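Undergrad: Let me give you the structure first, and then I'll get to my questions.
Derivation of every value follows stated rules applied to the coordinates shown; laboratory data play no part. Model, not experiment: these values are computed from the prediction. No Cβ is skipped: glycine too gets one built from the backbone with ideal geometry, and neighbour counts run over all protein chains shown.
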Amino acid sequence: MRSNSDPLWVRLLLTSVALVFFGLFLLLPLVAVFTEALRKGLGTYFAALAEPEALSAVWLTLLAAGIAVPLNLVFGVAAAWAIAKFDFPGKQVLITLIDLPFSVSPVVSGLIYVLIFGLQGWFGPWLAEHNLKVIFAVPGIVLATIFVTFPFVARELIPLMQAQGTEEEQAARVLGARGWQIFSRVTLPNIKWGLLYGVILCNARAMGEFGAVSVVSGHIRGRTNTIPLHVEILYNEYHAAAAFAVASLLAILALVTLAAKMAVEWKARQSGQELAHEH
Amino acid sequence: MSIEVQKITKTFGDFTALKDVTIKVPSGQLVALLGPSGSGKTTLLRIIAGLEVPDSGTVLFDGADATSRSARERQVGFVFQHYALFRNMSVFENVAFGMRVKPKSERPTKQAINDRVHELLRLVQLERLGDRQPAQLSGGQRQRVALARALAVQPKVLLLDEPFGALDAKVRQELRRWLRRLHDEIGITSVFVTHDQDEALEVADRVVILHDGRVEQEGTPEEVYEHPASPFVYNFLGNVNLFHGRVEGSKVHLGDFSMDAPPDMENGQTDPGAVVYARPHLLDLDHEPPKNRPHFKAKIVHIHPAGAVVKVELTTDAGNPINAELPHERYRGLGLQKGMTVFVSVRDMKVFSKAQSMLGGGI
Amino acid sequence: MKPKKLRKSSVLPGFGLTLGFTLAYLSLIVLIPLSATFAKAASGGWAHFWNTVTDPRVVASYRLTFGASLAAAAFNVVMGLLIAWVLVRYPFPGKRIVDALIDLPFALPTAVAGITLTTLLNAHGWVGRYLEPLGIKAAFTPLGIVIALIFIGLPFVVRTVEPVLQNVDAEVEQAAASLGAGRFQTFVRVIFPELAPALLTGFTLAFARAIGEYGSVVFISGNMPMRTEITPLLIITKLEQYDYAGATAIGVVMLLISFALLLVINFLQRRAEL
């Protein structure tokens, strides 16, 4: 906190405006989710969560995140290793391409897979012949989830590992360590908080993704609905309390994510690992 | 183990770091690679370690070609300039690392590792700091951990990149004497890189002087200091005065004085001139022109009497600056004052042809 | 002797493996599907493409999407700067919690944000019921869309400006004050110029996100053709009508806009690092 010479009335005015806006735009919606969820009582709340369709949506969400997050984690580590520890032409282009999925609209992210695997897509006829389904089925949901969470781990690790340089790895090499030993004993402990940070953000987005998954899912109840899609269906069918009950799960996920994020930021600062992106 | 480097060339893009470099490091000796920044000395060290791959040339360990061996197969100990300690490990774990990553069949037992680490920490005088993290150590302590870590794998060769470069002057002095003693104790063939001529001359058995990616001279500290092979070496190894002379036949004329030209300059060349180098402590001042010695008239501009010797700044009639160093007794005996005109004579010097001194560059 | 870049040594293992995997995975997940979209659009023919993307309903959606995104991003520049300023400079109770919750829009799934904002802003909602007597309709109007986009865009500006504001040199400010500059003059002439690049980056990030946004908008917009239909929604509508070529054409337009914005953002961030 720096001392400042702003007059008291300026400070009070600005702080009040900031807090009122914060209250209206961030706090109020958060409170509203839980209030609406409990509007018809705890009984209705838990009934909405215990519905088979809700449970299957939870299961599918966990499955999609359970596949997408580890894959993008492995990718993020591999990409960061290649980019941060070696020099090669086209590196800057590669970094930009890795960030690409962030700038693509979620709806388009779903669309591109429909165009490849959908009935009218490139592989559509072949898939149909072999009785395989990607679009309007679980594989499509997983693919779309991988796409929208693609850059999270990589963009966290690349700047962190670039800043740490290669001297420690070289030292380990001269001391006789093999590739995996260098990575697991020297590199990994140095990047663990950044890695965890990326995984937390990646997971939050994977579980909460709506637009991309919506395009490829087909909204088949009990089969291809994730939690956000289930919320949409309940809401559109005027089951507001049930919709908010299920939505409250996602709100809790968001709060847990924010808390975990703060904890990791704190841990990282303690161990001297500067995190690259603090959001 | 002896090291031989033969005809090594290394370029980075357009920049040639090493050109056809050949050196020999006899077994058990402590050798300094000395040169200004950009001379290629660190690159040469990294090539010996296998951390850099030469464009051409070979590296021999005990006569056997090691060029294609990877860094992890060369069994060298390497101390990085900024230590490169593993920041997530304690001092103890840093030192133990090299033993822990050995394949199961070669790995010492837990107890053996433990004993060896303690022995090494004792050797580098850090016995009680085994549990510390690298961030909690001073620069000198980190340096010694890096050394212990490198020695833990019982390397055949120890390579040190600017081992004292990041330390302050006092710690530097202590550590380099300590390194010399340590080397005498364990007798491992060692090569270190430095840009500090005092450090190289004081610590090393042999000095290799590099300049612009080439070896300028190789020899014992005494040899290179007393008999510099080139103007560059002469200049690099200490303060120097330089005088221009004329060459006629087999004689060099310096002021009113003539002397024999060095053998390589004879043969009646029509050399445009010679450059005479003399160190400040090899100059003498007097009120009368000395006989049998080259001398000039010069005016005293400034006197610095504080220190082990008295430093006197002069200018010649032509306006060239001269630095001389006199013992205190001599200074008092002469009763020198600022503004006096005196005769400067040269007790010993080194003559290079002008062409040669152009090659030296940077003077 | 130590050209740092070149010292990224080749002695470390795993370059071929990791780069190979990176390129293969990137191609499979991102590059090939994206190229397929362009190929698909090209196969439909130029006339059809042009007719689709210039259809009045589609053009109306561009206008809405761009206008609302622009308005929301502009609002966020002002409010984001204000919040960052207060967070960095003024002490107040509960500040850590406020700071942490600024990221809520990043963490809260967009569908949840969408239904919640709709519920709050409709005529019977906690906020909507107070707006209604004033003649302001938020839900199912462009205003509602702007509000949703403000919600999702806010953290971009706050988080881009915050670190820059923290690094504004206190001495420079004091120097300005000692030279007789008033508080306001100091802000306008000394602090603001330092913040401007970060504000521009934050604006562009928020704008880029808003252009493609779907989940938080689709509930509150009401989706009336020509009036409150955003471009991403049109893609879904076309897909539901099995008009793949139409969906692809609009998708390509959106991709081109994304790429252009990505280049702008890259340029801004590269410049900020210099």
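Let's see how each residue does on (1) touching a Pro at 6+ places or on another chain (Cβ under 7 Å); (2) in contact (Cβ under 8 Å) with a residue 40 or more places away in the chain:
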{"residue": "C:A74", "(1), (2)": "no, yes"}
{"residue": "C:W85", "(1), (2)": "no, yes"}
{"residue": "C:V88", "(1), (2)": "no, yes"}
{"residue": "C:P93", "(1), (2)": "no, no"}
{"residue": "C:D99", "(1), (2)": "no, no"}
{"residue": "C:P109", "(1), (2)": "yes, yes"}
{"residue": "C:I115", "(1), (2)": "no, yes"}
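Undergrad: While we're looking at this one, here's another question. Can you tell me which of C:L199, C:L262, C:L195 is in contact (Cβ under 8 Å) with a residue 24 or more places away in the chain, surrounded by fewer than 24 Cβ atoms within 10 Å (Cβ to Cβ) and at the interface with chain A (Cβ under 9 Å from one of its Cβ atoms)? So that I can check it myself, show each step before the final result.
TA: Values: C:L199 fails: at the interface with chain A (Cβ under 9 Å from one of its Cβ atoms); C:L195 fails: at the interface with chain A (Cβ under 9 Å from one of its Cβ atoms).
Going through C:L199, C:L262, C:L195 in turn, just one is in contact (Cβ under 8 Å) with a residue 24 or more places away in the chain, surrounded by fewer than 24 Cβ atoms within 10 Å (Cβ to Cβ) and at the interface with chain A (Cβ under 9 Å from one of its Cβ atoms): C:L262.
Undergrad: Which residues, taken from segment A:24-50, are of a type in the set (S, T, Y) and closer than 19 Å to A:V256 by Cβ?
TA: Of segment A:24-50, the ones of a type in the set (S, T, Y) are A:35, A:44-45.
Within segment A:24-50, A:Y45 is the sole residue that qualifies.
Undergrad: Sticking with this structure for a sec: Looking at segment A:252-269, is at least one residue facing chain C (nearest Cβ under 9 Å), crowded, with 24+ Cβ neighbours inside 10 Å and of a type in the set (D, E, K, R)?
TA: no
Undergrad: Just to be sure I understand the filter: pairs with C-beta atoms under 6 Å, separated by 6 or more residues or on different chains, first member in segment A:86-109 and within 7 Å of chain C (Cβ to nearest Cβ), second member of a type in the set (D, E, K, R) and surrounded by fewer than 23 Cβ atoms within 10 Å (Cβ to Cβ). Which pairs pass?
TA: Here the result reads A:F86/C:K8; A:D87/C:K8, each pair linking segment A:86-109 to a residue that is of a type in the set (D, E, K, R) and surrounded by fewer than 23 Cβ atoms within 10 Å (Cβ to Cβ).
Undergrad: Turning to a different aspect of this structure: Return yes when B:E218 is of a type outside the set (A, V, I, L, M, F, W, C), touching a strand residue (DSSP E or B) at 6+ places or on another chain (Cβ under 8 Å) and not in a strand (DSSP E or B) and no when it is not.
TA: On the way: of a type outside the set (A, V, I, L, M, F, W, C): yes; touching a strand residue (DSSP E or B) at 6+ places or on another chain (Cβ under 8 Å): yes; not in a strand (DSSP E or B): no.
Judged against the criteria, B:E218 is not a match.
Undergrad: Considering only segment B:109-153, how many residues are away from chain A (no Cβ under 14 Å) and of a type in the set (V, I, T)? First the steps, then the outcome.
TA: Let us first name the residues in segment B:109-153 that are away from chain A (no Cβ under 14 Å), namely B:109-112, B:114-115, B:118-119, B:121-132, B:137-141, B:144.
Then drop every residue that is not of a type in the set (V, I, T), which leaves B:109, B:124.
Going through segment B:109-153 one residue at a time, the tally reaches 2.
Undergrad: Anything in segment B:322-334 that is in contact (Cβ under 8 Å) with a residue 24 or more places away in the chain and under 31 Å from the mean Cα position of the chain (by Cα)? List them, or say none.
TA: B:I322, B:N323, B:A324, B:E325, B:L326
For (1) outside any helix (DSSP H, G or I); (2) small (G, A, S); (3) within 20 Å of A:R173 (Cα to Cα), each residue gets a yes or a no:
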| residue | (1), (2), (3) |
| --- | --- |
| B:P103 | yes, no, yes |
| B:P108 | yes, no, yes |
| B:P155 | yes, no, yes |
| B:F164 | yes, no, no |
| B:V171 | no, no, no |
| B:E174 | no, no, no |
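Undergrad: I've got another one for you. When you look at B:L60, is it over 23 Å from A:A171 (Cβ atoms), surrounded by 24 or more Cβ atoms within 10 Å (Cβ to Cβ), more than 12 Å from every other protein chain (Cβ to nearest Cβ) and touching a strand residue (DSSP E or B) at 6+ places or on another chain (Cβ under 7 Å), yes or no? Don't jump to the end; show me each part of the working.
TA: Values: over 23 Å from A:A171 (Cβ atoms): yes; surrounded by 24 or more Cβ atoms within 10 Å (Cβ to Cβ): no; more than 12 Å from every other protein chain (Cβ to nearest Cβ): yes; touching a strand residue (DSSP E or B) at 6+ places or on another chain (Cβ under 7 Å): yes.
So B:L60 does not fit the description; no.
Undergrad: I'd like to know if segment A:197-206 contains one or more residues that are under 30 Å from B:Q136 (Cα atoms), more than 9 Å from chain C (Cβ to nearest Cβ) and within 21 Å of the chain's Cα centre (by Cα). Can you show your working first?
TA: First, pick out the residues of segment A:197-206 that are under 30 Å from B:Q136 (Cα atoms): A:197-198.
Subset that is more than 9 Å from chain C (Cβ to nearest Cβ): A:197-198.
If we keep only those that are within 21 Å of the chain's Cα centre (by Cα) too, we end up with A:197-198.
Yes.
Undergrad: What residue, among those in segment C:26-58 that are part of a helix (DSSP H, G or I) and hydroxyl-bearing (S, T, Y), is nearest to A:L143 (Cα to Cα)? Break it down into steps so the answer makes sense when it comes.
TA: So the first thing to find is which residues in segment C:26-58 are part of a helix (DSSP H, G or I), and the list is C:26-43, C:46-53, C:56-58.
Next, from what is left, pick out any that are hydroxyl-bearing (S, T, Y): C:27, C:35, C:37, C:43, C:52.
Working: C:S27: 13, C:S35: 16, C:T37: 16, C:S43: 24, C:T52: 28 Å.
Across segment C:26-58, the extreme among qualifying residues is C:S27.
Undergrad: When you check C:A113 against the structure, is it more than 20 Å from A:W9 (Cβ to Cβ), of a type outside the set (S, T, N, Q) and surrounded by fewer than 22 Cβ atoms within 10 Å (Cβ to Cβ), yes or no? Talk me through it step by step, then tell me what you get.
TA: Details: more than 20 Å from A:W9 (Cβ to Cβ): yes; of a type outside the set (S, T, N, Q): yes; surrounded by fewer than 22 Cβ atoms within 10 Å (Cβ to Cβ): no.
Spelling it out, it is not the case that C:A113 is more than 20 Å from A:W9 (Cβ to Cβ), of a type outside the set (S, T, N, Q) and surrounded by fewer than 22 Cβ atoms within 10 Å (Cβ to Cβ).
Undergrad: I've got another one for you. Considering only segment A:162-195, state which residues are away from chain B (no Cβ under 12 Å) and more than 22 Å from B:A146 (Cβ to Cβ).
TA: Hits for segment A:162-195 are A:Q162, A:G194, A:L195.
Undergrad: Are any residues in segment C:115-138 part of a helix (DSSP H, G or I) and at the interface with chain A (Cβ under 8 Å from one of its Cβ atoms), and if so, which ones?
TA: Within segment C:115-138, the subset part of a helix (DSSP H, G or I) is C:115-121, C:128-134.
If the condition is that a residue be part of a helix (DSSP H, G or I) and at the interface with chain A (Cβ under 8 Å from one of its Cβ atoms), then C:I115, C:T116, C:L117, C:T119, C:L120 are the ones that fit.
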